[in-house]
Amino acid sequence: PAATGVTGVTPNIPSGLPPAKDGGPRMNATFVSLARNSDLWEIARSIRQVEDRFNKKFGYDWVFLNDKPFDATFKKVTKSLVSGNTYYGEIPKEHWSFPDHIDQDKARKVREDMAQRKIIYGDSVSYRHMCRFESGFFFQQELMKNYEWYWRVEPSIELFCDIDYDAFKFMADNKKKYSFVLSLYEYVETIPTLWDSTKKFMKAHPEHIAEGNSMGFLSDDGGDTYNHCHMWSNFEIGNLDWLRSKAYTDYFDALDQDGGFFYERWGDAPVHSIAAALLLKKEEIHFFNDIAYYHVPFTHCPTGEKTRLDLKCHCNPKDNFDWKGYSCTSRFFEINGLEKPEGYENQQD
Ligand code: GDP
Ligand code: MN
């Protein structure tokens, strides 16, 4: 299926809705959700919220991806909820399996060991395929090649505030390539050698490391060690052409060669974050204070009462994670010389 036109309003937006605040051409953009058939009712909740708070005003498409065929019920229900067009893709086997160079015995022993140590998803093969897929392949799917921008949505998320402007257009107009709402420290047990692999890549490919990058977000000693800060990737609005660039694909290929998706349990969140922090200029990463979001167990509720009232937010500001000790968002503000939103001091514990 071809992408819908990038200009004009899709015919299935009901009339009588207020126009987008920031009118103008629609972006070549889509929502994207990786899901199983069994995730239907959880992804349905997410879609309902995204539609109510944002997409019913814009009618962007939605791409669903699965390692198995989607069933008729999944397609029927999701199609009914999305105001844009929906597309359903089955992931090719080579994007959801062990590369040949992986030593199966070694990988199995790692899973057994992590199970004993009770590391979250430590014993799971499918979770590892998922993390590798989200790190290296979702943006290479045939259906995704039709688009320049994506917004990732997972099952059971919540959005708490209206989004009255086109967030994709905001990204483009402000030269942003990657964005986030929540940041935190990764479980060190899942990525013991990710930074070693990253340093090896930086040495091999200095041409890919951006001048004016966000190394200060990742490291407190100029790059020697990783502080485990990352942006949570279950929410992302980003540029697909950046992920398809030689810089990003060289980085993913280097990591995949080192095998840590299977010999450890590297998550796509630290992989995307490290890539964004090193391969992009720091101004190209955006923090959306005004997109209020929940994914178990963390909430981003906008700092600043005026913002929350203007946007009809229904989150409790006390739940906001941004300024608490386990968040890395303060660090993001500091390295970018940004002023923290009014009222942040009251949300630090
Ligand atoms: P968590 O957020 O890290 O706890 O992981 P989730 O269980 O939310 O999984 C992350 C995303 O991958 C979600 O969009 C899931 O629907 C999807 N996902 C996880 N495992 C699988 C799988 O085996 N097959 C498919 N098709 N999707 C999966
Ligand atoms: Mn999730």
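Tell me, what is a quarter of the convex hull surface for the C-alpha atoms of region 298-349, in nm² with one decimal? Don't skip to the answer; put the middle values down first.
Values: hull surface 14.4 nm².
Orientation-averaged projected area of the Cα hull: 3.6 nm².
Cα-based values for region 148-201, radius of gyration first and Dmax second, are 16.1, 43 Å. Look at the dipole of region 29-89 built from charges on Cβ: of Ser83, Asn37, Ala72, the Cα furthest out on the positive end belongs to Ser83.
The Cα atoms of region 34-154 cover 50, 29, 26 Å along the three principal axes, with the biggest extent listed first.
Starting from one equal scatterer on each C-alpha and no solvent at all, send me the Debye-based log10 I(q)/I(0) for region 22-69 at q = 0.32 Å⁻¹, two decimals. Here log10 of I(q) over I(0) equals -1.26.
Simple rule: put +1 on each Lys or Arg Cβ and -1 on each Asp or Glu Cβ in region 255-330, find the dipole, and look at Thr307, Tyr263, His286; the Cα lying farthest toward the positive end is Thr307.
Between their Cα atoms, which of Lys203/Lys281; Lys318/Lys340; Lys169/Lys281 are more than 22 Å away from each other? Over 22 Å apart, Cα to Cα: no pair at all. Once the Cα-Cα distance is subtracted from the 0.36 nm per residue extended length, the Tyr326 to Ser126 segment shows a gain of 69.2 nm.
Looking at the chain alone, DSSP beta bridges between its own residues are antiparallel in about 40 percent of cases. Once C-alpha pairs closer than 8 Å and six or more residues apart are averaged by separation and normalised to the residue number of the chain, the relative contact order reads 19 percent.
Taking Cα atoms of region 166-242, Rg/Rh with Kirkwood Rh, to two decimals?
Working: Rg = 14.3 Å, Rh = 14.3 Å.
That ratio equals 1.00.
If you take the Cα centroid of region 326-349 and the Cα centroid of region 270-318, the two points sit 11 Å apart. Distance between the modelled labels on Lys203 and Asp220, one decimal in nanometres: 2.5 nm (7 Å Cα→Cβ projection).
In straight Cα distance, which aspartates and glutamates are under 12 Å from Lys177, not counting same-chain residues fewer than 8 positions off? Straight-distance partners of Lys177: Glu148, Glu236, Asp241, Glu283, Glu284.
Order 220-230, 159-169 from most to least packed using the mean count of other Cβ atoms within 10 Å. Walk me through the numbers on the way to the answer.
Numbers: 220-230: 15.6, 159-169: 20.8.
So the order, starting with the most tightly packed, is 159-169, 220-230.
Debye-formula intensities of the chain, expressed as log10 I(q)/I(0) at q = 0.10, 0.14, 0.15 Å⁻¹, are -0.61, -1.25, -1.44 (one equal scatterer per alpha-carbon, no solvent).
Determine by what factor the alpha-carbon radius of gyration of region 103-165 differs from 2.2 N^0.38 Å, reporting the quotient.
Numbers: Rg = 17.1 Å, N = 63, 2.2 N^0.38 = 10.6 Å.
Working it through for region 103-165, the quotient is 1.61.
Of the solvent-accessible surface of region 130-254, computed with a 1.4 Å probe and all protein chains present, 50% belongs to carbon and sulfur.
So for region 250-349, what percent of the C-alpha to C-alpha distances run longer than 22 Å? Cα-Cα pairs in region 250-349 separated by more than 22 Å: 43 percent.
Ignoring ligands, DNA and RNA, what accessible area per residue does the chain give at 1.4 Å, in Å²? Don't jump to the answer; show the numbers that get you there.
Working: 15320 Å² over 349 residues.
Accessible area per residue, the chain: 44 Å².
In region 197-293, the inverse of the mean reciprocal separation of distinct Cα atoms equals 14.0 Å; this is its Kirkwood hydrodynamic radius.
The value obtained for region 89-227, namely the Cα convex hull volume divided by the number of residues, is 188 Å³ per residue.
Put simply, the amide H of Tyr88, placed in the peptide plane, has neighbours under 5 Å in Phe64, leaving out anything fewer than 5 places away on its chain. Reported to the nearest whole Å, the Cα centre-to-centre distance from region 130-206 to region 222-264 is 9.
The values are calculated or read from the model by the stated rules, or taken from the named source; none is laboratory data. Just so you know, these numbers come straight off a predicted model, no measurement behind them. Note that each Cβ is placed from the backbone with ideal geometry, even for glycine, and that neighbours are counted across all protein chains shown. We work out accessible area using only protein heavy atoms, side chains counted, and drop any ligands, DNA or RNA first. Shrake-Rupley method; radii C 1.70, N 1.55, O 1.52, S 1.80 Å.
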